[in-house]
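What follows is calculated from the coordinates using simple rules that are stated; it is not laboratory data. Source: prediction; values computed, not measured. Every residue, glycine as well, gets a Cβ built from its backbone with ideal geometry; the counts of neighbours run over all protein chains shown.
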């Protein structure tokens, strides 16, 4: 048996690694190749191409990177066809993965294509469901609400749940604080600046400014920053003075411990917000994209009021405070955090609100990665049966 994973961004790289781990546990003889980053490389799956140019954000930014997207899609499809796996798993990153799938389908139609995490058709551009159904053989999606969008087109769909909600349980916040000499009485604010290079340019500066404002008003607060591995160098280059007034944490092994240790997280919108919610940490979410992208999204594409998954999937209500685009302002974000720090009862109430919203989203039983691995291995069995029938 043979598989090939393709992951273009940090969150997809992590999920690909988790699923690959489960595949190896369940089918140790499976050959696994792939394209990805540090997470896949950590388990011995080294990428034949550099996918860092794909860390882009938004419509206009995507146009600027279009040449890279096409070139890398061609290179990815070329390596896939050379390795000739039985199944290819395309993780997240809608635009890039669609191009890879189309190229593989044209050149090697016998390879089964599995899309791991689909486009957010329930929030924007429902027509993508038909496009995906015409391109891949199987979709592994996160939420039950996605399934009806694909039923008219006959695409096989398996709901795996949200991967972030089934990862490694709770971090050890007390141990993290003890290792850094942080007393229980000292408030900790954690900055999660994003996982894309474009977010380091457009989102991180405001979150960092907000953290600095908090520190100026409350000198007793410890500021910690946890940049994603994929953009750590870019973060250091953008904020060379940061280590003088905050702690920058780089060990991915303490990722959840750090989230659990924090009293408040200032987070760039994305997968990380679900991970923070799992640690029971109150958070404030911020985001900003280019104005043309924003106008298109709000005017034509995006159907929801909010952008944070915890808010969207709980009736599109603001459970987690969002500061987006015109409201993405360091002063406003800092003011909200300072309000919580000054009012422990309100901070505790925010924990309760997030916990209640989270309970509505968590699936019982297997983790999302294990469910995905089972579905992918069944694709291999499907192929084996097809071969037998042809004989």
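Some observations on this one:
- Short-range pairs are left out: with C-alpha atoms under 8 Å and at least six residues apart, the relative contact order of the chain is 16 percent.
- 0 to 90° range, to nearest 10: angle between helix 66-83 axis and the chain longest Cα axis: 50
- Computed from the Cα positions only, the extents of region 144-236 along the three principal axes stand at 58, 32, 24 Å, in decreasing order.
- The chain, helix-only ellipticity at 222 nm - DSSP H runs n ≥ 4, -39,500 (n - 2.57), divided by all residues, nearest 500: -13500 deg cm²/dmol
- Expected-Rg normalisation [2.2 N^0.38 Å, Cα atoms] applied to region 173-359: 0.98
- When all alpha carbon pairs of the chain are counted in 10 Å bins from zero, the resulting P(r) reads 5, 23, 33, 25, 11, 3, 0, 0 %.
- Order by protection proxy (mean Cβ within 10 Å, highest first), peptides 32-42, 218-228: 32-42, 218-228
- Taking the longest Cα principal axis of the chain as reference, the axis of helix 94-107 is set at about 10 degrees.
- 310, 207 arranged by Cβ crowding within 10 Å, fewest neighbours leading: 310, 207
- Peptide ranges 21-27, 344-350 listed from the most packed, as the mean C-beta count within 10 angstrom indicates: 21-27, 344-350
- With Cα atoms, 0 to 90° folded angle of helix 368-390 axis to the chain main axis: 10
- Ranked by how many other Cβ atoms sit within 10 Å of their own Cβ, fewest first, the residues 214, 319 fall in the order 319, 214.
- Between region 136-157 and region 239-288, the Cα center-to-center distance that results, in Å: 32
- In terms of other Cβ atoms within 10 Å, 96, 5, 239 run from fewest to most in the order 239, 96, 5.
- Where N is the number of residues in region 8-158, Cα Rg divided by 2.2 N^0.38 Å: 1.01
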